[in-house]
Structure formats: C-alpha cells, structure tokens
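**Q** Got a structure for you, questions after.
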Amino acid sequence: MHSILKTSLAAFVAAGLATSATQTYAQSLSGDLVIFSDMSNPAPRAVMEGMVERFGAMHPDLNIELTVIDREAYKTQIRNFLTANAPDVANWYAANRMLPYVEAGLFEDVSDIWEGQMSEELASTKGALTIDGAQYGVPYTYYQWGVYYRKDIFDQYGLSEPTTWAEELANCQTLLDNGVKCYTIGTKFLWTAGGWFDYLNMRTNGYDFHARLTNGEESWTSDEVRATFANWQQLIDMGAFIDDHQTYSWQEALPFMVNGEAASYLMGNFAVAPLREAGLTDDQLDFYQFVEITPGIPKGEDAPTDTFHIPSGATNKEAAREFLKFVVSAENQTLINNGSNLGQLPVNAMSSVDDDKFLNEGFDMLSNKAPGGIAQFFDRDAPAEMAAVAMEGFQEFMVFPANLEDILERLEAAREDIY
C-alpha cells in the first residue's frame with residue numbers, strides 16, 4: 001500500500017488554491033483515510049497524488065493511505081474489495097456502471113453532500129449520480145468525445161471539417177485515394193468500438209432511442225438498429241479503419257495518426273495529451289463534432305463522468321465525506337482539470353475552464369451544441385453484462401461484417417436474458 005505523507009500547508013497554497021478554501025475544509029479530521037484509485041496512467045496518477053497531498057496538508061492529524069491499481073485490473077477487483085476490507089473512498093464511474101454496487105448496498109448514500117449550493121454547482125452531472133432520487137457519489141471530471149484529426153493532412157488534400165454524413169464519406173474517400181486511412185482505432189479492449197456505435201446510433205436514430213436501447217427497451221433486431229449498422233458498414237466496406245485494429249489497444253493505435261498513416265481518431269479528450277507528447281502541435285491537430293447523419297435529429301454526445309464513492313463498509317466516513325467535498329470544490333476542479341493535469345472539463349459550474357484549444361471546443365460543444373442529450377458511454381449506459389456481450393459483437397462486426405445477423409440475434413437474446 002502506498003502511503004502519501006502530509007506536505008506543508010505552504011505546498012497547498014503554492015498550488016494556487018485560495019486560503020478561503022482551506023478555511024472551508026478546516027474541520028479537524030483524524031485517523032486513517034484509505035483511498036483506492038484506478039487513476040493509474042501517469043497524468044491522472046499525478047493528479048490523484050496531488051489531491052491527496054493537498055487534502056493532507058489541510059488535515060495534518062489525518063493519515064491518508066492511497067493505493068493506485070491498474071485501471072483494467074481495478075474493474076475486476078472492485079466488487080471483491082467493496083465486499084471485504086473496503087476502503088473509505090474509491091474511484092468508479094457514473095450511471096449504470098455504479099448501479100450494481102448501489103443495488104448491492106456497497107455504495108454509501110451521500111445525498112447530504114449534494115444539498116444546497118453544491119447541488120447548484122454540480123447540476124450538470126447530478127443526474128448521472130442519482131438513483132431513485134438519491135446520490136451515491138460525486139464526479140471529479142468529464143470530457144468530450146469527438147473526432148480528433150490531422151488538420152495538416154486535411155489541408156494537404158483540400159478537405160474541410162465535415163458536418164454531414166455525405167461530407168464525411170467524401171472526405172474519407174479522398175484520403176483513401178491518397179493512401180491514408182480515414183480512422184485509427186484499437187479495439188483490443190472492445191470499448192473503443194462502443195464509442196463508434198454510440199455516435200452512429202445517436203446520429204442515426206437519436207439520443208432517446210439510444211437511451212431506450214441501452215436500457216433494454218428496444219430490440220437489437222429492429223429496423224433502427226439495422227440502419228445504424230448499415231451506416232457503419234459503409235465505412236468498413238470502404239476500408240476506412242486501420243487494418244488489424246483488434247490487435248491494438250487505444251494507445252497502440254495512436255502512432256498511425258502521429259505518423260500520418262491515418263487522418264483521424266474518434267476518441268475522448270484524454271487522447272490529446274499523448275498526441276501532443278508524440279510531437280503533434282496544435283497547428284497539426286484539430287477537432288470536430290461527429291457529423292449529422294439523419295437530418296433534423298438533435299445531436300447527443302458522449303461525455304463520460306468519472307467519480308468518487310464512499311463504500312458502505314468504509315470505517316472513516318466523516319473524513320471520506322470531507323474528501324469528496326474537497327474533490328468537487330471549485331478551486332480543486334479548476335486545478336485538476338487544467339491542461340497541465342487531466343486536461344478535461346471541471347464539473348463545478350463555478351470553476352474556470354483552462355485556456356486550452358480542445359477544452360474550450362469541448363466546453364462549447366457540450367454547453368451549446370448537444371441539444372439531444374449527454375450519454376455516459378456505451379459500457380456505462382448499458383448494464384455491465386449487456387455491455388460486454390454487445391461490445392464483443394461490435395468488434396466482431398468491424399472485422400467480420402458478414403456476421404451481422406448472427407451478432408444481432410445474439411445481442412437480442414442477451415437483452416431478453418439480462419434485462
């Protein structure tokens with residue numbers, strides 16, 4: 001177990017947070033605060049460790065023990081550690097991804113944290129943390145998905161940002177004619193294919209249909225779902241995606257875009273940092289909202305929300321509640337989501353959005369250009385069992401599109417069993 005020792009209060013102030021915030025959280029806390037986190041990639045881990053250090057500086061009598069677990073391993077371990085030897089605070093995800101743990105009584109009701117001013121400041125994400133009128137965690141970041149692309153390659157071939165499906169297909173054909181794949185993707189861990197399904201389905205049938213489908217209220221063999229896959233197959237038949245994508249993780253698919261072998265990536269904003277680190281400049285890299293497919297359907301967007309929860313078996317719930325309040329405070333939200341840290345969007349409406357090209361575009365898109373609704377992402381909006389079966393089907397379809405009928409029948413059978 002990795003124990004983070006307290007830093008001086010000067011370190012907290014140096015981080016740029018106001019003294020008034022220190023006074024807000026001056027309540028004396030003691031004992032041990034045990035935190036399990038899946039923020040294992042370098043930048044998120046540094047953010048997590050920084051939050052622990054600053055919170056520790058505010059509460060010198062509190063011993064904070066932080067354990068960081070690889071994200072994929074965390075997903076398989078969470079039920080075990082929530083059931084036995086639960087930490088006081090744990091990372092997880094919003095919406096249906098937290099539902100099984102709420103239903104099993106493993107997550108604490110923290111509705112009291114959401115009362116008053118906090119409810120107003122976090123209004124945009126409250127629904128994603130609410131089940132049967134109660135809140136079971138707090139958000140700490142969310143981020144836009146969309147198409148990140150090589151602007152210099154687009155410029156080279158006279159392409160502009162598409163806004164319609166016809167323009168998307170035309171751009172793609174031009175790229176292919178010049179030996180450039182339209183999209184990089186790594187489907188080794190399946191969820192990236194889920195992002196493609198989300199957008200194609202929301203653009204083909206609308207957010208409301210997509211929500212009903214992930215809630216088990218629509219059939220996978222319906223005409224609407226078939227239309228979504230028909231649109232997807234247009235891209236597959238063109239050869240739009242990189243070859244052998246099922247052998248790559250999302251990170252392993254980045255070099256295709258960096259090297260100019262593929263022009264774009266449908267991905268979350270977390271892809272920006274590694275693309276910059278690989279040498280792409282903001283003059284080379286740009287972003288556009290996924291195009292309209294069915295005219296007139298309001299655009300819905302994926303904006304996954306990452307969260308903190310208090311396990312029901314926690315032993316220091318007082319300190320855990322104070323830590324959650326600290327996490328969502330406007331000052332902390334501004335700091336951890338800036339371009340030098342998570343590079344994402346703050347959940348607190350009183351926070352400042354960092355002056356970063358992609359954060360500003362994402363904030364504008366989610367605030368002003370997503371009238372259809374905000375989805376959490378396929379494997380969060382659908383129950384875990386359904387998400388696993390469906391995303392296997394999505395990957396299989398991308399490799400073997402002729403298997404569509406078998407895939408749809410399998411997904412429909414799963415829907416009838418799981419829901």
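The values are calculated or read from the model by the stated rules, or taken from the named source; none is laboratory data. Note that the coordinates shown come from a computational prediction; the quantities given were computed from them, not determined experimentally. Positions of Cβ are backbone-derived with ideal geometry, glycine not excepted, and every protein chain shown enters the neighbour counts. Protein only, heavy atoms only, side chains kept; ligands, DNA and RNA dropped before computing areas. Shrake-Rupley method; radii C 1.70, N 1.55, O 1.52, S 1.80 Å.
**Q** Does Tyr157 qualify as being outside the structural domain of Ala227 (by TED's automatic domain parsing) and modelled with pLDDT of 95 or more?
**A** Details: outside the structural domain of Ala227 (by TED's automatic domain parsing): no; modelled with pLDDT of 95 or more: yes.
No.
**Q** Going by what's in this entry, would Leu335 be described as assigned by TED's automatic domain parsing to the domain that holds Gly137, open to solvent by less than 50 Å² (accessible area, probe 1.4 Å) and within 22 Å of Lys75 (Cβ to Cβ)?
**A** On the way: assigned by TED's automatic domain parsing to the domain that holds Gly137: yes; open to solvent by less than 50 Å² (accessible area, probe 1.4 Å): yes; within 22 Å of Lys75 (Cβ to Cβ): no.
It is false that Leu335 is assigned by TED's automatic domain parsing to the domain that holds Gly137, open to solvent by less than 50 Å² (accessible area, probe 1.4 Å) and within 22 Å of Lys75 (Cβ to Cβ).
**Q** Additional query: Take the conditions within 23 Å of Thr214 (Cα to Cα) and polar (S, T, N, Q) and apply them to Gln333. Does it pass?
**A** no
**Q** Then there's this: Could you run through segment 155-166 and say how many residues are within 22 Å of Phe270 (Cα to Cα) and open to solvent by less than 50 Å² (accessible area, probe 1.4 Å)?
**A** Total meeting the criteria: 0.
This table checks each residue for (1) part of a helix (DSSP H, G or I); (2) farther than 25 Å from Ser249 by Cβ.
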residue: Ala43; (1), (2): yes, no
residue: Ala46; (1), (2): yes, no
residue: Phe55; (1), (2): yes, yes
residue: Leu66; (1), (2): no, yes
residue: Lys75; (1), (2): yes, no
residue: Arg79; (1), (2): yes, no
residue: Ala86; (1), (2): no, yes
residue: Asn91; (1), (2): no, no
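**Q** Across segment 124-154, which residue is nearest to Pro100 (Cα to Cα) among those that are open to solvent by 60 Å² or more (accessible area, probe 1.4 Å) and over 22 Å from the mean Cα position of the chain (by Cα)?
**A** Asp132
**Q** Here's another thing I want to ask about it. Can you confirm whether segment 354-362 contains a residue that is within 27 Å of Gly137 (Cα to Cα), in a loop (DSSP other than H, G, I, E, B) and free of Cβ contacts under 8 Å to residues at least 40 places away in the same chain? Full working, then the answer.
**A** Within segment 354-362, the first condition is being within 27 Å of Gly137 (Cα to Cα), and the residues that meet it are 354, 359-360, 362.
Next, from what is left, pick out any that are in a loop (DSSP other than H, G, I, E, B): 354.
Applying the additional criterion that residues be free of Cβ contacts under 8 Å to residues at least 40 places away in the same chain yields 354.
Scanning segment 354-362, I find at least one residue that is within 27 Å of Gly137 (Cα to Cα), in a loop (DSSP other than H, G, I, E, B) and free of Cβ contacts under 8 Å to residues at least 40 places away in the same chain, so the answer is yes.
**Q** Let me ask something additional. Residues of segment 85-128 being among the hydrophobic types (A, V, I, L, M, F, W, C), at pLDDT below 95 and over 20 Å from Ala319 (Cα atoms), which ones?
**A** The answer is Ala94, Ala95, Met98, Leu99, Leu122, Ala123, Ala128.
**Q** Another one. Among the residues of segment 205-262 satisfying the criterion of being under 30 Å from Asp417 (Cβ atoms) and of a type in the set (Phe, Trp, Tyr), which is surrounded by the fewest Cβ atoms within 10 Å (Cβ to Cβ)?
**A** Phe209
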